[in-house]
Amino acid sequence: MYSELPYQFPMQGMNMNKQEKIEMYKKMADKGLWEVDHPDVRAFYERAQEEGVELVSNNVPHLGLFRAPYSQDLNGVDLAIVGLPMDIGVPNPRPGTRNAPKAVRFWGLDRNMVSYFNNLCPFDICNIVDYGDVEFVDDPYNLNSNLEEIARLYAQFKDQDIVPLTIGGEHTCTYAMLKGLGKDDPLAVVHIDAHGDTSVGFAGSVVSDASLFQNAAVGGYIDPEKMVQVGQRGRGIIRCDFSTNSGMRRIFADEAQEKGMPYVVSEIKRVIGDHPCYLTIDTDCIDCGEMPGTTLPEPFGLFGREVRDIIRGMYGMNLVGADLMELSPDYDPTGKSACLASGLAFEMMCLLADSKSRRNGEKHQTHWK
């Protein structure tokens, strides 16, 4: 993380006439687009341009999410961005999450590569690649087969000490991710969602986006006593007794809104501490007026900025992976849902990179050539 530059107003205390001030303003304005004042940020932009990164245009199909390099070579990788275009197990006739990775990558080109919040440049502290979208090959229209393929890939990430940031895709996929990442020891989980996802399966499927965390707990991949669920409301809450009975901390949307996000963050840190933790966000945690492009929209939800503040509040925790699921861009012709999702995904990438860099004990730069 770059240190913040102290505020300096170069003309303060100087007795200057109008023309002298204008000349000073001209000197301030006489610099290139990426010649920013912060020396570390400026050095990163210079390096990125030298390595061929197009920093302005949005027509850059050779670059992945947030302009990360595309690669499936995992040697030396710290953080892998993965797309999961799957929506064959949702409980109602609203498919569309298969288009989420493409939409988030499009809007992600409008995000910066450095966080203005804390001057953190994830590409300067971690070797990051966009792995691309998973192509299901065993039996593409079989839910269980796809989940097994995902679990194998994420077990590989675990074995190679790679932190994944996943853009999905139906929430059922998170079960398989937890199965791969939690195969040795159960993970703590921060789950931000309108629904508990600890009910039972449907349509003959044991694992679904209504039951994934119940199954992950029963499988030993997560520790429910180190799990915090935030934002629940509306349909389905009454069917998720497993959450309470297994020891999960449930913070309904009403409680979060009444007590505020600092309280939510304090509860997350109290319950989880420094235990290896996975962050999963279902886009329906956000109010449907702000996030219409989601599989199961719900009213009376959190605001996007509140979810952002939870993510930012988790700095210092031991994150081993994160996902953003259930974006269905086709149901929002304005594009605002995917735009918001890309902003949250960038915050998540910065959080993951910071956590991974601290575990590494050193910085590993991303290179484009």
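The values are calculated or read from the model by the stated rules, or taken from the named source; none is laboratory data. Owing to the predicted nature of the structure, the values given are computational and were not obtained by experimental measurement. Methodologically, a virtual Cβ is constructed for each residue, glycine included, from the backbone with ideal geometry; neighbour enumeration extends over all protein chains shown.
Take D185 and tell me if it is farther than 24 Å from A253 by Cβ and in contact (Cβ under 8 Å) with a residue 60 or more places away in the chain.
Taking the combined requirement at face value, the residue satisfies it.
Could we say that L153 is over 14 Å from L352 (Cβ atoms) and either in a loop (DSSP other than H, G, I, E, B) or among the aliphatic types (A, V, I, L, M) (or both) here? Spelling it out, L153 is indeed over 14 Å from L352 (Cβ atoms) and either in a loop (DSSP other than H, G, I, E, B) or among the aliphatic types (A, V, I, L, M) (or both).
Whenever a residue of the range 198-212 is under 19 Å from M325 (Cα atoms) and at pLDDT 90 or above, its partners that are of a type in the set (D, E) and surrounded by 19 or more Cβ atoms within 10 Å (Cβ to Cβ), lying with C-beta atoms within less than 6 angstrom and at least six residues away or across chains, give the pairs L212/D197.
Considering the range 330-342 alone, what residues qualify as being among the polar types (S, T, N, Q) and part of a helix (DSSP H, G or I)? Residues satisfying the conditions are S337, S342.
The single residue among Y278, Y315 that is under 30 Å from N75 (Cβ atoms), of a type in the set (S, T, Y) and buried (at least 24 other Cβ atoms within 10 Å of the Cβ) turns out to be Y278.
It is to be established whether one or more residues within the range 142-157 are surrounded by 17 or more Cβ atoms within 10 Å (Cβ to Cβ), under 23 Å from Y315 (Cβ atoms) and in contact (Cβ under 8 Å) with a residue 24 or more places away in the chain. Yes: the range 142-157 contains one or more residues that are surrounded by 17 or more Cβ atoms within 10 Å (Cβ to Cβ), under 23 Å from Y315 (Cβ atoms) and in contact (Cβ under 8 Å) with a residue 24 or more places away in the chain. For the range 115-130, the tally of residues that are touching a residue at least 60 places away in the same chain (Cβ under 8 Å) and either surrounded by fewer than 14 Cβ atoms within 10 Å (Cβ to Cβ) or under 15 Å from the mean Cα position of the chain (by Cα) (or both) stands at 6.
Would you mind stating whether K356 is assigned to a helix (DSSP H, G or I), surrounded by 21 or more Cβ atoms within 10 Å (Cβ to Cβ) and among the basic types (K, R)? Criteria met by K356.
Considering F66, F123, F136, F117, the condition of being touching a Gly at 6+ places or on another chain (Cβ under 6 Å), at pLDDT 90 or above and either under 30 Å from D159 (Cβ atoms) or part of a loop (DSSP other than H, G, I, E, B) (or both) is satisfied by F66 alone.
Yes/no per residue for (1) at pLDDT below 95; (2) closer than 22 Å to N119 by Cα; (3) surrounded by fewer than 21 Cβ atoms within 10 Å (Cβ to Cβ):
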position: K18; (1), (2), (3): yes, no, yes
position: L33; (1), (2), (3): yes, yes, yes
position: P39; (1), (2), (3): yes, yes, yes
position: N59; (1), (2), (3): yes, no, yes
position: H62; (1), (2), (3): yes, no, yes
position: D73; (1), (2), (3): no, no, yes
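Any idea how many residues of the range 188-225 are surrounded by fewer than 24 Cβ atoms within 10 Å (Cβ to Cβ) and of a type in the set (A, V, I, L, M)? Number satisfying all stated conditions: 6.
On the basis of being closer than 21 Å to G108 by Cβ, surrounded by 24 or more Cβ atoms within 10 Å (Cβ to Cβ) and touching a helix residue (DSSP H, G or I) at 6+ places or on another chain (Cβ under 9 Å), does L327 make the cut? Walk me through it before giving the result.
Working: closer than 21 Å to G108 by Cβ: yes; surrounded by 24 or more Cβ atoms within 10 Å (Cβ to Cβ): yes; touching a helix residue (DSSP H, G or I) at 6+ places or on another chain (Cβ under 9 Å): yes.
Considered against the rule, which asks whether it is closer than 21 Å to G108 by Cβ, surrounded by 24 or more Cβ atoms within 10 Å (Cβ to Cβ) and touching a helix residue (DSSP H, G or I) at 6+ places or on another chain (Cβ under 9 Å), L327 comes out as yes.
Looking only at residues in the range 76-114 that are acidic (D, E) and at pLDDT below 95, the one that is surrounded by the most Cβ atoms within 10 Å (Cβ to Cβ) is D87.
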